[in-house]
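The values are calculated or read from the model by the stated rules, or taken from the named source; none is laboratory data. Keep in mind the model is a prediction, meaning the values are calculated, not measured. All Cβ positions, even for glycine, are placed from backbone atoms using ideal geometry, and neighbour counts span all protein chains on display. These accessible areas exclude ligands, DNA and RNA; they are computed on the full protein's heavy atoms, side chains included. Shrake-Rupley method; radii C 1.70, N 1.55, O 1.52, S 1.80 Å.
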Amino acid sequence: MTVAEYRPESHQDEGPAFYPRLLAQAGKQPDQLRQLLPQPKAPDAAAGALSLIQILEKPDAFADLLAGIARQRGGDVRSLASVLHQNLALQVLGPCTVALFLDGHTRLPVADAIWLDTADPEGQWYLAPDTGADTVDEACYIREMATLSRQWYEVFRRQLGVSAGAYWSSTGLALCAPYSALYDSARPQELCHQASHWLQRFDCDARRFIDWIPFTFGELDCAIPQRRGCCQKYRLPDGGYCGTCGIYRKERLALVASQGAVD
């Protein structure tokens, strides 16, 4: 059965409602995924923590900070900003999406609760501890995350130079994090279909920049997300190609062309 041939019986067979069945098929327990979620951390402004709201409101000052880091560590502002945005997506948006799939609700990662540890050479982001803000359900998360992503895009793209492909493919990877966690254990065709259709529900360009491809490594059948935009990580010192790098995307698509298109 190909990805194009797989179809759910109803809308209840897609998204978070179907995820417990997908976990069971993959032989995974919810607690295994919860253990991977980062713990909220209190910001320490004295140690150089910056909130995302500060970055969004004063992008020129943040660009100056990145220029200083580039001079010390190598690289350029655009590459640093691109990789930092990828970290933001995978370290904050991704875990929030996983929590939604596991619990049916999640915190909305608003900018004033997201902090960057500027003293960390890897550029670690984290959510501040929950102060009692209401959690959101699936419909609200889809709507609000699309809105937030479009708003943040204006700063990362227009002010910091992150390319559209890099920005939206990193965002798409984060929104598909629950599926990425099962890439080597769930049924590839079904996982590709589920992830692709989940991403289509977000009213933003993230859905245009990720392809899900069933692929075989040796005897292991996998479902791998392929980004359509480069995160520029390879241009930084000690950088390299990411596992979801689109460099090999055309080769992998050619290998599965006979199996049907990923829709």
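Evaluate the stretch 20-38: report whether one residue or more is at pLDDT below 85 and either under 23 Å from the mean Cα position of the chain (by Cα) or part of a helix (DSSP H, G or I) (or both). So far as the stretch 20-38 goes, no, none of its residues is at pLDDT below 85 and either under 23 Å from the mean Cα position of the chain (by Cα) or part of a helix (DSSP H, G or I) (or both). For Gln86, the conditions (1) crowded, with 17+ Cβ neighbours inside 10 Å; (2) out of contact with any strand residue (DSSP E or B) (no Cβ under 9 Å at 6 or more places or on another chain); (3) closer than 18 Å to Pro40 by Cα all hold with the exception of (3). Against the definition (closer than 29 Å to Gly104 by Cβ, of a type in the set (S, T, N, Q), assigned to a loop (DSSP other than H, G, I, E, B) and at pLDDT 60 or above), how does Ser185 come out, yes or no? Answer is yes for this residue.
Take Ala99 and tell me if it is out of contact with any Asp or Glu (no Cβ under 8 Å at 6 or more places or on another chain), more than 24 Å from Arg158 (Cβ to Cβ), in contact (Cβ under 8 Å) with a residue 12 or more places away in the chain and crowded, with 17+ Cβ neighbours inside 10 Å. Yes, satisfied. Of all residues in the stretch 155-175, those satisfying the criterion of being surrounded by fewer than 23 Cβ atoms within 10 Å (Cβ to Cβ) and either touching a helix residue (DSSP H, G or I) at 6+ places or on another chain (Cβ under 8 Å) or at pLDDT 95 or above (or both) are Val155, Arg157, Gln159, Leu160, Gly161, Ser163, Ala164. Being open to solvent by 10 Å² or more (accessible area, probe 1.4 Å), among the aliphatic types (A, V, I, L, M) and touching a residue at least 60 places away in the same chain (Cβ under 8 Å) is a property that Ile142 has. Reported count of residues in the stretch 26-60, each being surrounded by 15 or more Cβ atoms within 10 Å (Cβ to Cβ) and within 23 Å of Glu190 (Cα to Cα), is 3.
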